Amino acid sequence: MRENQRVLILDFGGQYNELIARRVREQQVYCEVHPCSMPLAEIRDYDPIGIIFTGGPHSVYEPGAPTVDEGVFSLGVPILGICYGCQLLAHLLGGEVVPAGEDSAREYGKTETQFDAACPLFQGLSEESVTWMSHGDYLSQIPEGFTVSARSERCPTAAIWDAQRRFFGVQFHPEVHHTAGGSVMLRNFLFTVCGAKGDWTMADYRSRTVASLREKLGGGRVLLALSGGVDSAVCAALLAEAVGRQLTCVFVDHGLMRKGEGDAVEAAFSRRELNFVRVNAEGRFLRLLSGVYQPERKRKLIGEEFIRLFEEESRKLGTMEYLAQGTIYPDVIESGGGNAAVIKSHHNVGGLPKDVGFREIVEPLRLLFKDEVRQLGRELGLPEAIVSRQPFPGPGLAIRVIGPVSRKKLEMLREADAIFREEMAAAGLASAADQYFAVLTNLRSVGVMGDARSYDWAVALRAVSTEDFMTADWTRLPYEVLDRVSTRIVNEVAGVNRVLYDITSKPPATVEYE
Ligand code: XMP
């Protein structure tokens with residue numbers, strides 16, 4: 001079957017690499033991120049229509065700085081270097097890169113930049129607009145064959161191009177929203193320079209993946225742990241289309257889902273052509289969590305119990321050749337490295353044991369970004385409530401009830417959270433924040449209801465706006481909506497007499513409370 005045109009993104013360790021890939025895919029052009037050390041033969045085999053060098057934290061003149069096989073310049077393929085990628089391109093082709101002194105060409109943040117309209121990258125843009133800069137080095141001398149195509153007050157070489165070889169370098173970051181014409185620049189590079197057709201669509205991906213799954217899995221049985229989250233749900237729908245009843249989905253309902261969620265998952269899948277098993281394990285999880293205060297302990301206990309239950313079920317089901325997982329592209333890119341401190345140990349069904357006797361793990365979404373997974377879900381006819389579901393932590397409401405979890409507390413939280421969601425939807429704000437939910441704090445305080453004193457729990461409302469959940473800003477929700485939510489919660493949820501709105505960003509707070 002026909003392959004898509006492909007763009008290759010070579011990774012030099014920049015913080016926005018994943019974003020570059022997303023921006024390219026948004027233009028319906030398929031791309032993949034690979035390490036900059038990718039051997040030339042593999043680059044050639046990959047047969048890209050264009051190559052992008054990403055940014056990175058290094059300086060090209062440092063010993064051991066990441067580089068690329070210089071044969072890449074002889075492939076006849078257009079190249080766009082971004083930030084470090086621009087400096088490397090210039091450095092390897094004979095230009096000169098030097099550290100910018102404190103008061104000279106070093107730039108950080110939004111920067112007025114002038115563009116040369118003759119350069120195809122800047123076609124359709126006004127001659128001056130804002131770009132996002134973040135560089136300590138700059139090009140003091142551009143390589144032969146290149147022309148300067150953009151400048152800023154402090155940086156005379158903000159962009160360069162070689163018309164003949166179709167090489168482009170930009171000091172700024174076109175992938176970041178703060179660069180006003182960034183998506184036009186990327187579009188120009190892809191369509192005008194590389195000749196992209198925009199042939200990456202979900203309908204196409206669906207039919208190709210279904211065909212290749214059928215071929216790969218043959219008559220083999222496949223087991224999938226369904227969490228109710230978007231990724232595993234879309235993975236299930238895709239596999240169901242490919243192999244139907246050879247697929248068994250095990251949905252371990254830990255009783256820590258939001259209101260009505262467990263039933264919604266069951267309703268969406270029990271009618272499809274697949275085997276669906278729901279394991280109701282609320283009692284087991286509640287017993288396990290009883291009296292447990294520590295967030296990390298909760299997370300660990302839930303993760304382990306989840307695996308135990310899943311193993312018990314898969315033993316009952318007999319031999320399965322394949323274990324399917326809803327791993328998505330950001331997980332793949334991010335697992336490339338990282339010695340970051342453990343802030344919270346994330347529990348996902350993705351953490352299932354791989355040694356329970358499966359022939360192979362199948363991950364049909366491992367090349368898709370989250371928004372693409374959602375698109376695919378719609379394409380496969382999954383209900384919107386599942387497809388547009390906000391991220392939900394694996395340990396569920398257990399980490400939104402601060403301190404020990406009990407059935408009663410979960411009930412209070414479920415009701416408060418449902419009210420919050422209902423009111424957001426009623427106000428047309430369902431997508432105004434990237435994630436929002438209620439938390440049952442462990443704070444009790446005095447209130448007055450009617451003429452009586454109360455001593456009840458406080459609910460915190462959390463709403464955040466974010467691009468990647470690594471950092472997040474608290475969302476400025478309208479007071480009237482907060483007012484309605486608060487009034488309804490204290491009136492309708494017995495045991496709650498106070499509602500707080502969280503106005504902390506991440507960092508220093510995290511999105512979840514535990
Ligand atoms: P934090 O609280 O770390 O959350 O700022 C960032 C995002 O991750 C989600 N989250 C989880 N997702 N398993 C998950 O699959 C987990 O254990 C987990 N903990 C947090 C959180 O909801 C937010 O979207």
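Amide H contacts of Arg6 (H built 1.01 Å from N, in plane; Pro and chain starts excluded): Ile49 sit under 5 Å, all sequence-distant by 5 or more or on other chains. Beta bridges per DSSP, both residues in the chain: antiparallel share near 50 percent. All Cα-Cα separations within the chain were binned at 10 Å from zero, giving a P(r) of 4, 17, 24, 22, 18, 12, 4, 0, 0, each value a whole percent of the pairs. Both radii were evaluated on the Cα set of segment 267-328; the Rg over Rh quotient, with Rh as the Kirkwood radius, amounts to 1.04. Per residue, the chain reaches -9500 deg cm²/dmol at 222 nm when only DSSP H runs of four or more residues are counted, each adding -39500 (n - 2.57).
For segment 325-333, putting each phi into the Karplus relation 6.51 cos²θ - 1.76 cosθ + 1.60 with θ = phi - 60° gives couplings of 9, x, 4, 10, 4, x, 4, 5, 5 Hz, in residue order, rounded to whole numbers and with x for Gly and Pro. Every Cα-Cα pair in segment 375-450 was counted, and those over 17 Å apart are 58% of them. Multiplying the residue separation of Asn442 and Leu40 by 0.36 nm and removing their Cα-Cα distance gives an extension gain of 138.9 nm. Using bins of 10 Å that start at zero, the share of Cα-Cα pairs per bin across segment 142-289 amounts to 9, 24, 17, 14, 18, 13, 4, 0, in whole %.
Once the convex hull of all Cα atoms in segment 6-193 is built, its volume per residue stands at 99 Å³. Other residues with beta-carbon under 11 Å from the beta-carbon of Gln294 carry, at +1 per Lys or Arg and -1 per Asp or Glu, a net charge of +2. Computed from the Cβ-Cβ distance with R0 of 25 Å, the FRET efficiency linking Ser129 to Glu26 stands at 0.80. Extending 7 Å from the Cα toward the beta-carbon at both Arg284 and Lys370 defines two label points whose distance is 2.9 nm. For Lys506, the aspartates and glutamates whose Cα comes closer than 14 Å to its Cα, not counting residues fewer than 8 places off in the same chain, are Asp434, Glu467, Asp468, Asp473, Glu514.
Dipole orientation for segment 406-501: of the candidates Gln435, Ala472, Val448, Val448 has the Cα lying most toward the positive pole (charges on Cβ; Lys, Arg +1; Asp, Glu -1).
Relative to the Cα centre, the charge distribution of segment 202-387, modelled as +1 at Lys and Arg Cβ and -1 at Asp and Glu Cβ, gives a dipole magnitude of about 320 debye.
In terms of overall dimensions, the C-alpha atoms belonging to segment 364-514 reach 58, 30, 29 Å along their principal axes, ordered largest to smallest.
By the equivalent-ellipsoid construction on the alpha carbon gyration tensor, segment 202-387 comes out with semi-axes of 26, 19, 17 Å, ordered largest to smallest. For segment 1-77, report the translational diffusion coefficient in µm²/s to the nearest whole number, using Stokes-Einstein at 4 °C, 1.567 mPa s, and a Kirkwood Rh over Cα pairs. Here the translational diffusion coefficient equals 98 µm²/s.
Which stretch or stretches of segment 360-387 have amide N atoms under 18 Å from the point lying 7 Å from His177's Cα along the Cα→Cβ direction? Taking a point 7 Å out along Cα→Cβ of His177, the residues of segment 360-387 whose backbone N falls under 18 Å are 370-372.
Here the chain is assigned +1 on the Cβ of each Lys and Arg and -1 on the Cβ of each Asp and Glu. Its dipole about the Cα centre then comes out at about 1940 debye.
Cross-link partners of Lys409 among lysines, defined as those whose alpha carbon lies under 25 angstrom from its own and excluding same-chain residues fewer than eight positions apart: Lys259, Lys298, Lys300, Lys344. Each residue of segment 201-206 was assigned a 3J(HN,Hα) from its phi angle through the Karplus expression (A = 6.51, B = -1.76, C = 1.60, θ = phi - 60°), giving 10, 6, 4, 5, 4, 4 Hz with x at Gly and Pro. For Val97, the amide hydrogen comes within under 5 Å of the amide hydrogens of Ser140, counting only partners 5 or more places away or on other chains and with H modelled in the peptide plane. I'd like to know which of Ala65, Leu289, Ala117 lies farthest towards the positive end of the charge dipole of the chain, counting +1 on Cβ of Lys and Arg and -1 on Cβ of Asp and Glu. With unit charges placed on the Cβ atoms, the residue in question is Leu289. Panel note: the C-alpha atoms of segment 443-514, placed on their principal axes, show extents of 46, 26, 14 Å (largest first). Looking at segment 6-193, the DSSP beta bridges with both ends there are about 55 percent antiparallel. Coupling constants for segment 63-69 follow from the phi torsions by the Karplus curve (6.51 cos²θ - 1.76 cosθ + 1.60, θ = phi - 60°), and in residue order they are x, x, 4, x, 9, 9, 5 Hz; glycine and proline get x. Of the residues Ala180, Phe167, Leu139, the one whose Cα sits farthest toward the positive end of the charge dipole of segment 6-193, with +1 on the Cβ of Lys and Arg and -1 on the Cβ of Asp and Glu, is Ala180.
Amide H contacts of Leu226: Val250, Phe251, Val252, each under 5 Å away and 5 or more positions distant or on a separate chain (H built 1.01 Å from N in the peptide plane; Pro and chain starts excluded).
Every number in this text was worked out from the coordinates using simple rules, so none of it is lab data. Everything quoted here is computed from the prediction, not taken from an experiment. Neighbour counts run over all protein chains shown; Cβ positions are idealised from the backbone, glycine included.
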